[in-house]
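Accompanying notes for the structure given below.
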Amino acid sequence: MDNNRVYIFDTTLRDGEQVPGCQLNTIEKVEVAKVLEQLGVDVIEAGFPISSPGDFKSVVEISKAVTWPTICALTRAVEKDIDVAAESLKYAKHGRIHTGIGTSPYHIQYKLNSNPDEILARAVAAVKYAKKYVEDVEFYAEDAGRSDNVYLARVIEAVIKAGATVVNIPDTTGYCLPSEFGEKIKFLIDNVPNIHKAIISTHCHNDLGMATANSIAGVMNGARQVEVTINGIGERAGNTALEEVVMILRSHKELNLYTNVNSKNIYKTSRLISSLMNMPVQPNKAIVGRNAFSHSSGIHQDGVLKNRENYEIIDPVEVGISESSIVLTARSGRAALKHRLDLLGITLEKEKLDEVYEEFLLLADKKKDIKEDDLLMLVGEKVKSEHRIKLDFLQVVTGKNMVPMATIRLDIAGEKFTATESGNGPVDAAIKAVKCIIHRKVTLQEFLIQAINKGSDDIGKVHMQVEYDENIYNGFGANTDIITASVEAFIDAINKIGNAEIAAAK
Ligand code: KIV
Ligand code: ZN
């Protein structure tokens, strides 16, 4: 094994996807897996197959669609979980079962109601059982961050003896300090006699904002696999961000460590995940936030123009962001618009580009500066025009001391349907009118409105989650009018329910 290579284990589709409202369907997951393959990750954790039929199916389909990365399926230390994971991996060219159990006093006593010896025995049994199916078995010691190092070393030695090829040391609660986490890895290297037979993996959560620092401390002390997600998404405050680890290792050449990731694909992968999961990236997010390479103060701009490295430690081109920032205004031409869309990985045919350009000019008249999110919204509108149900007309009458009323006209597969309803607010009235047309019991579960930039001329982005027939569907809408954005988000979600399900009644 090349001791300078750090393996990238991407868990965007498993730990990342556990975020409420970020669930993807199988087609979307396969699309993400293919993009991760192009990015150059070594392992794709594709799901937790026993958890749902959808997760099982996704692992199967990803296994078929992806060629060279290892496909990993998560299990508890339970035989049934391992059977199902093995079945889901049957088409994988390289399959890995990721099994494990909690090793901290909290998990042993309060979660598992057990004792250290019994947990050790269950860990060993799970690894041996998984070995019946696959050669590549990764063991996770859940909450290793708060586990006693001496006990952890005993467990790790035993699971390696049982056949574990990778041993994962998760800081499940994001509690450790970087120095403490680094020492934990070093302790295992110094005290587990057979440690050279397995790769040590880090899996750090970001509850105290230390996930990346802890992962790097782990690597500096001998870990050679890092578990990450794109944009750092994941449970609670998230997981270690792939883009941060990769760019730290590239920037700090003195560490003499490298990954297989093609950093030029980082930005477009980040954008894809953000838009598919309806999860905006915070503007100041390292590497992929929209402000990460933008200089606003005069002194910084002057410094960067004299020499980019005065204020930039990474060349944005290395992560797939063009160095030259072209500000789009109402005076920009098609070529500038096309250039910015290309940077976002969006290629439009001439006719579509012309359509987007016309809408871009209308928006540019309302807003001073057109940002990437605005462009994504404009392009999203084009995609929406292919939906079966479209918003054709919306009028709301609202104000103080009056009952809000909304009139909606929907275009359903070419036929027009109109309804008028009242509600306790204009959005409520409009949504009731849509429901009245589609005649289905769709319940709104979550409703989030965000401004993209600032100012009263801003575009409002709306994320909605609806429930229909015990399934959850997510919708997105964006418009300078937040009521229109809300109705569009609702209609977007309804379109996902499936064309066959929604029949319009005249
Ligand atoms: O955070 C964690 O401990 C996990 C394990 C299941 C690997 O996600
Ligand atoms: Zn985790």
_Hits in region 49-101 - residues which are within 16 Å of ligand 2 (Cβ to nearest atom) and either at pLDDT below 95 or closer than 18 Å to Glu31 by Cβ (or both)_ = Asp55
*Picking from Leu394, Leu353, Leu378, which residue would you name as being surrounded by 14 or more Cβ atoms within 10 Å (Cβ to Cβ) and touching an Asp or Glu at 6+ places or on another chain (Cβ under 6 Å)?*
Leu378
*asked:* Looking only at region 1-22, filter to residues that are surrounded by fewer than 20 Cβ atoms within 10 Å (Cβ to Cβ) and assigned to a loop (DSSP other than H, G, I, E, B); which one of those is nearest to ligand 1 (Cβ to nearest atom)?
replied: Val19
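A quick yes/no check of all residues on (1) buried (at least 22 other Cβ atoms within 10 Å of the Cβ); (2) within 27 Å of Glu235 (Cα to Cα); (3) away from ligand 2 (no atom under 16 Å from the Cβ):
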| site | (1), (2), (3) |
| --- | --- |
| Thr103 | yes, yes, no |
| Lys111 | no, yes, no |
| Pro116 | no, yes, yes |
| Val124 | no, no, yes |
| Val137 | yes, yes, yes |
| Arg154 | no, no, yes |
| Gly163 | no, no, yes |
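Could you pull out the residue among Val379, Val383, Val397 that is closer than 18 Å to Lys461 by Cβ and at pLDDT 75 or above?
Numbers: Val383 fails: at pLDDT 75 or above; Val397 fails: closer than 18 Å to Lys461 by Cβ.
None of the others qualify; the one that does is Val379.
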*How many residues does region 167-178 contain that are of a type in the set (A, V, I, L, M, F, W, C) and within 11 Å of ligand 1 (Cβ to nearest atom)?*
1
*Subset of region 109-154 [within 14 Å of ligand 1 (Cβ to nearest atom), hydroxyl-bearing (Ser, Thr, Tyr) and not in a loop (DSSP other than H, G, I, E, B)]*: Tyr140
*Within region 405-448, how many residues are free of Cβ contacts under 8 Å to residues at least 24 places away in the same chain and among the acidic types (Asp, Glu)?*
2
*Please enumerate the residues belonging to region 174-189 that are of a type in the set (Val, Ile, Thr) and in contact with a Ser or Thr (Cβ under 9 Å, 6 or more places away or on another chain).*
Ile185
*On the given criteria, is Val60 of a type outside the set (Asp, Glu), crowded, with 17+ Cβ neighbours inside 10 Å and assigned by TED's automatic domain parsing to the domain that holds Ala126?*
yes
*In region 156-166, what count of residues is obtained for those that are closer than 14 Å to Pro193 by Cβ and away from ligand 1 (no atom under 14 Å from the Cβ)?*
5
*asked:* From the list Glu79, Glu61, exactly one residue is within 22 Å of the chain's Cα centre (by Cα) and more than 16 Å from ligand 1 (Cβ to nearest atom). Which is it?
replied: Glu61
*Any chance Asn168 is in contact with a Lys or Arg (Cβ under 8 Å, 6 or more places away or on another chain) and in contact (Cβ under 8 Å) with a residue 12 or more places away in the chain*: no
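The values are calculated or read from the model by the stated rules, or taken from the named source; none is laboratory data. The structure displayed is predicted, hence computed values, not measured ones. Glycine gets a Cβ as well: all are built from the backbone with ideal geometry, and neighbour counts include every protein chain shown.
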